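**Student:** What follows is a single structure, and I will ask about it in a moment.
The values are calculated or read from the model by the stated rules, or taken from the named source; none is laboratory data. Values in this document were obtained by computation on a predicted structure and should not be read as measured data. Every residue, glycine among them, receives a Cβ derived from its backbone with ideal geometry; neighbour counts consider all protein chains shown.
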Amino acid sequence: MTHIPVLLKETIDILGIKNGDKVIDATFGGGGHTAAILDNYDCYVLGVDRDQDAIKRAEKVKEKFGGKFDFKICNFSNLSDILSGKFDAILFDFGVSSFQLDNAERGFSFSKDGRLDMRMTKEKGISAFYVVNTFSEEDIAEIIWKYGEEPKARKIASEIIQSRKTKKIETTLQLKQIISKVFVNRTCLKIDVATKTFQAIRIYVNDELREIDLALKGLPNILNVGARVATISFHSLEDKIVKNWSKSVTYAQPINKSPIKPTRDEILKNPRSRSAILRGFLYIDNRKERLN
Ligand SMILES: C[S@@+](CC[C@H](N)C(=O)[O-])C[C@H]1O[C@@H](n2cnc3c(N)ncnc32)[C@H](O)[C@@H]1O
C-alpha cells in the first residue's frame, strides 16, 4: 500500500521554500510531499491531517527528521486554533489518499468490499451507511447531483430507496451493484459508473467543500506576508472553490497564469494524478483584509 505524491516537483517549486522557513502540509496523508520537502530544505514542517490513521505514518517521518517535523490531528478549516506563530508556505493536496481508498474497512472504495463508511475523521459524524439508509430520496438525489454532477442522480436515488426497502445497504459493493442497475445499457467504460455517486457521498459525509472554503478564507490568520500557497484539486468542484476564493480576495496573487497539470509521463506512472490541478498563490500584504 503506497501513495505516490502528485505533481511533487511542481508543488515544491510553487512553495518556493527557503532554508529556515516554516511550512504547513495541511493534508499530510502518507507524508509524501512532506518527506520530499524535508529531504531538500533545511526547514520546519508541521503535518496536519484529520485522519487518525495518518499518525503512524507521521511517526516514521518524525523518526527520520526529528525536530524539523511535527504532526497534529486537525481539520484544515481549524488551523488557526492549533497554530502558534505564522508560517511561510502551506500545501493543500485535497481529497482522499490511496491509504484511505485501499483500506476496505474505511468503506471509501467501490473496488473493495467493506462496510459503507467514507468518514475521513474516523467514527465522527455521519457515515455513508447512514446517508444511503436514512436520507430521503430527494436529499440523496440532491447530494449525488450537487457533489457528483451525476446526470442520473434521480434514478440512482430511486434505485437506492427501492433496494433499502427489502434490505439495508451495508457495503460498498452492494451500493455499487445498485448504481449499476441504472446503467444497464451503458457502453462507454471510461470511468466506472459508480465513480460520481461515490465521490458525491464522500464529499457530503466529510463536508469537503466547506472545509476548503473555510481553510482558504482563514489563511490571513496563519501566514506571513510573502508566504506561498499551493492547492492540488482533483475535480472541478474543488478547483472552483479555489478559483472563486482567489478572485474574491485581494491578498492571493496567482503565481502562474494557468493551472499546472501532470505530464503524460506522470499520469502513466501514477494514474491517480490524471485529474490533478495545481495552483499557486503568493500571500501579499493587505492590511484591510487582515483586519477584517
Ligand atoms: C490526497 S491525500 C494527501 C497525500 C499527501 N500529500 C501525500 O503525499 O502523502 C489527502 C489527505 O488529506 C486529508 N484531508 C482531507 N480533508 C481534510 C481536512 N479537511 N482537514 C485535514 N485533513 C484532510 C485526508 O485525510 C488525506 O489523508
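**Student:** Keeping to region 227-276, report how many residues are more than 24 Å from V23 (Cα to Cα) and among the acidic types (D, E).
**Tutor:** 2
Residues checked against (1) hydroxyl-bearing (S, T, Y); (2) outside the structural domain of D49 (by TED's automatic domain parsing); (3) closer than 19 Å to I73 by Cβ:
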position	(1), (2), (3)
S109	yes, yes, no
D117	no, yes, yes
T121	yes, yes, yes
G125	no, yes, yes
V131	no, yes, no
E138	no, yes, no
I144	no, yes, no
E150	no, yes, no
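**Student:** Looking at (1) modelled with pLDDT of 95 or more; (2) farther than 29 Å from P271 by Cα; (3) of a type in the set (A, V, I, L, M, F, W, C), which is the only condition I82 fails?
**Tutor:** (1)
**Student:** Looking at K181, K190, K196, can you tell me which residue is of a type outside the set (D, E), more than 16 Å from the ligand (Cβ to nearest atom) and out of contact with any helix residue (DSSP H, G or I) (no Cβ under 8 Å at 6 or more places or on another chain)?
**Tutor:** K190
**Student:** Anything in region 138-158 that is more than 17 Å from E208 (Cβ to Cβ) and aliphatic (A, V, I, L, M)? List them, or say none.
**Tutor:** Hits for region 138-158 are I140, A141, A153, I156, A157.
**Student:** Only one of K72, K112, K64, K122 is surrounded by fewer than 21 Cβ atoms within 10 Å (Cβ to Cβ) and part of a helix (DSSP H, G or I); which?
**Tutor:** Every option except K64 fails the conditions.
Each row is one residue, and each column tells you yes or no for (1) within 14 Å of I201 (Cα to Cα); (2) surrounded by 18 or more Cβ atoms within 10 Å (Cβ to Cβ); (3) of a type in the set (A, V, I, L, M, F, W, C).
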{"position": "E137", "(1), (2), (3)": "yes, no, no"}
{"position": "A141", "(1), (2), (3)": "yes, yes, yes"}
{"position": "I144", "(1), (2), (3)": "yes, yes, yes"}
{"position": "P151", "(1), (2), (3)": "no, no, no"}
{"position": "K168", "(1), (2), (3)": "no, no, no"}
{"position": "S180", "(1), (2), (3)": "no, no, no"}
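**Student:** Have a look at D102, D117, D93 and point out the one that is under 30 Å from L38 (Cα atoms) and either basic (K, R) or out of contact with any Leu (no Cβ under 9 Å at 6 or more places or on another chain) (or both).
**Tutor:** D102 is the lone residue from the list that is under 30 Å from L38 (Cα atoms) and either basic (K, R) or out of contact with any Leu (no Cβ under 9 Å at 6 or more places or on another chain) (or both).
Rundown of residues vs (1) more than 25 Å from H235 (Cβ to Cβ); (2) buried (at least 21 other Cβ atoms within 10 Å of the Cβ); (3) of a type in the set (S, T, Y), yes/no style:
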site: A36; (1), (2), (3): no, no, no
site: D53; (1), (2), (3): no, no, no
site: L79; (1), (2), (3): no, yes, no
site: I82; (1), (2), (3): yes, no, no
site: S97; (1), (2), (3): no, yes, yes
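**Student:** Just need a number here: residues in region 34-49 that are in contact with a strand residue (DSSP E or B) (Cβ under 7 Å, 6 or more places away or on another chain) and not in a helix (DSSP H, G or I).
**Tutor:** 7
**Student:** Restricting region 1-53 to residues that are free of Cβ contacts under 8 Å to residues at least 40 places away in the same chain and among the small types (G, A, S), which is nearest to the ligand (Cβ to nearest atom)?
**Tutor:** Within region 1-53, the match that is nearest to the ligand (Cβ to nearest atom) is G32.
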